[in-house]
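Okay, structure first, notes after.
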Amino acid sequence: MSVLLALCVALLPLVTPGRGTRQWEPCTDLRPLDILAEAVPPDGAAARIRVVQVQGARGLQLLAAAPRALSFPASRVFFRCDFFPEEFSIVVTLKAPSLPPKKNEYLLTVMAEGLDALLLGLLYSAARLHFLFRSEDAAGIWQTRVSFRSPALMDGQWHTLVLAVSEDSFSLTTDCGLPVDIMADVPFPATLSVRGAQFFIGSRRRTKGLFTGLLRQLVLLPGADATPWLCPCKNAELAVLSIPRILQGLTGKLEDNEVLKYPFETDMRVTLGPRPPCTKAEDAQFWVDAGRKGLHLCVGSEWVSVLAAKERLDYVEEHQSLFTDSETLGIEVFAIPEAGLFIATANRKATSAIYKWTDGKFASYQDIPTHQAQSWRHFTIGKKIFLAVANFEPNEKGQEFSVIYKWSQRRLRFTPYQRVPTHSARDWEAFEVAGEHFLAVANHREGDNHNIDSVIYKWNPGTRLFEANQTIATSGAYDWEFFTVGPYAFLAVANAFNGTSTRLQSRLYVRLAGSFQLFQSFLTFGAADWEVFHIGERLFLAVANSHSYDVETQVQNGSYVINSVIYELNVTAQTFVRFQEILTCSALDWEFFSVGEDYFLVVANSFDGNTFSVNSIIYRWQGYEGFVAVHSLPTFGCRDWEAFRTAAGAYLVYSSAKEPLSRVLKLRTG
């Protein structure tokens, strides 16, 4: 090492011919150079290499048709110096093939530019491991070979070798055992030029001599013997200095598993039947879910889907009876990062509640005083997390307002943040337009007057409060629904009652020049909810009609069993057109959800004119046929539906406006 450093220091002020003046830096650097990782191409399939797993460890295998698949220019690692280090070590982890007596295979070569001239190489045979390098003096150029009697590598097991080179001293350590030392007559050259040279892994640039075993690790450590870096080691056969990412343990996220981008082979067994345990013993084992045609890989303690089964809704079963303090008029399911999954219930009496998903069910978490709460709305502004309640009645002092609560990261509870004056508020809608945040409240009535303004509030970043931004005339407003189409923002209001009739125009507004302006009107009957959803490139808007009533005509018979309507956006006509009518029983809510590749709508049927015990229906999208009824769910005074997912599967939850009981239903898939 000292000779090399002295030489490099002496050359410091000189100019390298044809390269210009550059600052000298040592040819040796004590960082390990992962040669195998450098050679692995980004597209394993195109490069014709495959990942093979044997005995729980992964290695790379070259295909005979691609002897140059793992190669790269030497300048990629020797960008500060044109000479191979005089002192170094090479770490190799391999599973060697069984070879006939006279056959040799290359583990590594460094080939001169444009010539079939080997500068350096590792050659493996049945009896020996050979280290080859180019020597040169005044008499000429020749190839020097240092041969070690091959340890028992052909036993079908993994082995880690460390070849250490220092001038005329050569040492081979196998699996952290005792080193085999050789003092050679010819030292490794101090100035072996690699300018223009190419590294080849597992070959000498041609098919002859191609390595047919598995390579897991190939690291060059300049300036040092790597043995102390690796040994002692509990699993010496697989001692690791550095291995490519694609050969490391898999992550739990399919998109992060680079090994799955390459052709993959393994000696592991494949398990059929019901889901087996996924423990350390099953790590990297496959499980075929034959019933659902899915393929899964055990990673750590979880089964990761490799070939996803097509999930389909089979049936619905009751999962939990969620008892509430009183009848529940609205529910909101939401997640808070690092806190969990929650549901907020808007209860008719003086206390509403928040429940947290714990051990597979919702458990009581926080009570909040409300005044005949109608609904909750969860939203975020930056890192701030809010929950707004729509209060229908005034408080004990006759004050009428709704409240916005903010999540406290310290207390892990929602605390009052802002009071907003409202009039028998039915619903909040939170949305963002061009980086600005808004809240729209649906004011239902003021005293006996249903024809009042609903208000859109805008977040003021300076005061950190919501301030009135726009008023919109509404009639017994029940619900707001926000959505976007390209660059345009829309806001739909469900008008339910004007004091004499439920036969009203519900409105759709578009935001232009800083305010919402009328875009389209829809004839509705006691409209209680709008639901917007996409299926592919198609956009739909569904209205829940609850009651057909007019005080002048006194039409009441069968007035609760009426059609609710689904509209579809006609882009050419720039308007929503009637797509499908569905017979409903005083519908109060629509909820859109998907299972696998299937799309569904569930309606909250609340009353048929005689009883609140009516079935709510799940409809499945069937293309040209539209939505077709597939499941009939017994409900009692159903008011609101919410769909959500956990790691355990998909769920629906509905609230009842006629009993203090909400129900969580699990969607069983097959």
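The values are calculated or read from the model by the stated rules, or taken from the named source; none is laboratory data. What you see is a predicted model; the values in this text were computed from it and never measured. Cβ coordinates were reconstructed from backbone atoms using ideal geometry, including for glycine residues, and neighbour counts include every protein chain displayed.
Numbers at a glance
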| quantity | calculated |
| --- | --- |
| Some residue of segment 218-230 being in contact (Cβ under 8 Å) with a residue 24 or more places away in the chain, within 30 Å of P101 (Cβ to Cβ) and assigned to a loop (DSSP other than H, G, I, E, B) | no |
| Matching residues in segment 150-191 - criterion: being within 22 Å of L215 (Cβ to Cβ) and of a type in the set (D, E, K, R) | D155, D175 |
| Unique match (being within 23 Å of F78 (Cα to Cα), assigned to a loop (DSSP other than H, G, I, E, B) and in the same structural domain as F200 (by TED's automatic domain parsing)) among G177, G121, G114 | G114 |
| Set P189, P222, P232: member being at pLDDT 90 or above, out of contact with any strand residue (DSSP E or B) (no Cβ under 8 Å at 6 or more places or on another chain) and over 17 Å from K95 (Cβ atoms) | P232 |
| Exclusive hit being farther than 16 Å from E87 by Cβ, among the hydroxyl-bearing types (S, T, Y) and surrounded by fewer than 21 Cβ atoms within 10 Å (Cβ to Cβ), set S193, S203, S171, S166 | S193 |
| First in segment 338-362 and on the phi > 0 side of the Ramachandran plot, second anywhere and surrounded by fewer than 21 Cβ atoms within 10 Å (Cβ to Cβ) and polar (S, T, N, Q), Cβ under 6 Å, 6 or more apart | none |
| Conditions (1) in a strand (DSSP E or B); (2) under 21 Å from G330 (Cα atoms); (3) aromatic (F, W, Y): number failed by Y509 | (2) |
| Those residues of segment 531-545 which are more than 14 Å from N563 (Cα to Cα) and either of a type in the set (S, T, Y) or in contact with a strand residue (DSSP E or B) (Cβ under 8 Å, 6 or more places away or on another chain) (or both), in sequence order | E531, V532, F533, H534, I535, R538, L539, F540, L541 |
| Yes/no for L569 being out of contact with any Asp or Glu (no Cβ under 9 Å at 6 or more places or on another chain), in contact (Cβ under 8 Å) with a residue 12 or more places away in the chain and farther than 30 Å from W303 by Cα | yes |
| Strands (runs of 3 or more DSSP E) contained in segment 597-660 and holding at least 3 residues free of Cβ contacts under 8 Å to residues at least 40 places away in the same chain and of a type outside the set (F, W, Y) | 613-621, 627-636 |
| Which listed residue, of R507, R511, is surrounded by 12 or more Cβ atoms within 10 Å (Cβ to Cβ), touching a residue at least 12 places away in the same chain (Cβ under 8 Å) and more than 23 Å from S564 (Cα to Cα) | R511 |
| Residue among L508, L512, L539, L523 that alone is in contact with a Phe, Trp or Tyr (Cβ under 6 Å, 6 or more places away or on another chain) and modelled with pLDDT of 95 or more | L508 |
| Residue that is surrounded by the most Cβ atoms within 10 Å (Cβ to Cβ), among those in segment 124-160 that are touching a His at 6+ places or on another chain (Cβ under 6 Å) and part of a strand (DSSP E or B) | S147 |
| Pairs, first assigned by TED's automatic domain parsing to the domain that holds Q285 in segment 54-78, second in a loop (DSSP other than H, G, I, E, B) and of a type in the set (F, W, Y), C-beta under 8 Å, six or more apart | none |
